[in-house]
Amino acid sequence: TAAGRRKYLDYLDWLREDAAASKALKFESMSSGWAIGSVQFKKQLVGEHREALAALKRGDRETVNLAEARRQDALAAALQAAGKTREDLIRSGKSERWKLAVAGELKIRTTVTNRWLGENLNLGVLHEVSRKLNDYLRRDSPKP
């Protein structure tokens, strides 16, 4: 809208100012709270999260299936980025560096569990996955 464009131009003018302290105060107020929006929006967001959590706790099949599909999509993307296939997961050893790199990527970017990683990446039993992955993340993972 015209009012929105004016407000945005005002904001850009404000950014050009050389008053660092007032900017810091403004940015502090912009980033406070857990969500940005009206009270109604926040209530709606809380309601949606409660519904999703309740569905997961009930074991709602659709929600569980959707979560698994997302994990499988993330695995497919990580394998593609590594230049590997699902067959490579089965054929290669349980401690291959590339597998641990894929597992580390999934662990950082998704909500996969070590049990899921062990089963889907052929990394071995749960305690071994934990040990190998922690070692990899601590010593071998590329640093940003």
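The values are calculated or read from the model by the stated rules, or taken from the named source; none is laboratory data. Only a predicted model underlies this, so the values are computations on that prediction, with no experimental measurement involved. Because the Cβ atoms are built from the backbone with ideal geometry, glycine has one as well, and the counts that use them run over all protein chains shown. Keep in mind that these areas ignore ligands, DNA and RNA; they rest on the heavy atoms of the full protein, side chains included. Shrake-Rupley method; radii C 1.70, N 1.55, O 1.52, S 1.80 Å.
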Practice item. Could you order V64, V112 so the one with the most accessible surface comes first? Probe is 1.4 Å. Key: V64, V112
Check your understanding: Does the range 79-129 come out rounded, prolate or oblate, given a ≥ b ≥ c as the square roots of the eigenvalues of its C-alpha gyration tensor, rounded meaning a/c under 1.5 and, failing that, prolate meaning a/b above b/c?
Key -> oblate
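Could you tell me which of the pairs K84/K107; K43/K107; K84/K132; K107/K132 are separated by over 24 angstrom between their Cα atoms in the structure shown?
Values: K84/K107 18 Å; K43/K107 30 Å; K84/K132 20 Å; K107/K132 13 Å.
From the list (K84/K107; K43/K107; K84/K132; K107/K132), the Cα-Cα distance tops 24 Å for K43/K107.
At a 1.4 Å probe radius, which order do W98, W116 fall into by accessible area, largest first? Could the numbers behind the result be given before it?
On the way: W98 45, W116 20 Å².
My answer, sorted largest first, is W98, W116.
Only four residue types carry charge here, +1 at the Cβ of Lys and Arg and -1 at the Cβ of Asp and Glu. Report the dipole size of the range 39-144 about the Cα centre in Debye, rounded to the nearest 20. Intermediate results must be reported in sequence, preceding the final value.
Numbers: 22 positive and 14 negative charges, 73 e Å.
With only Lys, Arg, Asp and Glu charged at Cβ, the dipole is about 360 debye.
Which shape class applies to the range 32-92: rounded if a/c is under 1.5, otherwise prolate when a/b exceeds b/c and oblate if not, where a ≥ b ≥ c are the square roots of the Cα gyration tensor eigenvalues? If you can, show how the numbers build up before the last one.
Working: a/c = 5.07, a/b = 2.05, b/c = 2.48.
Oblate.
Work through the residues other than V64 whose Cβ is under 12 Å from its Cβ and net out their charges, Lys, Arg +1 and Asp, Glu -1.
Details: positive: K57, R58, R61, R70, R71; negative: D60, E62, E68.
Its environment carries a net charge of +2.
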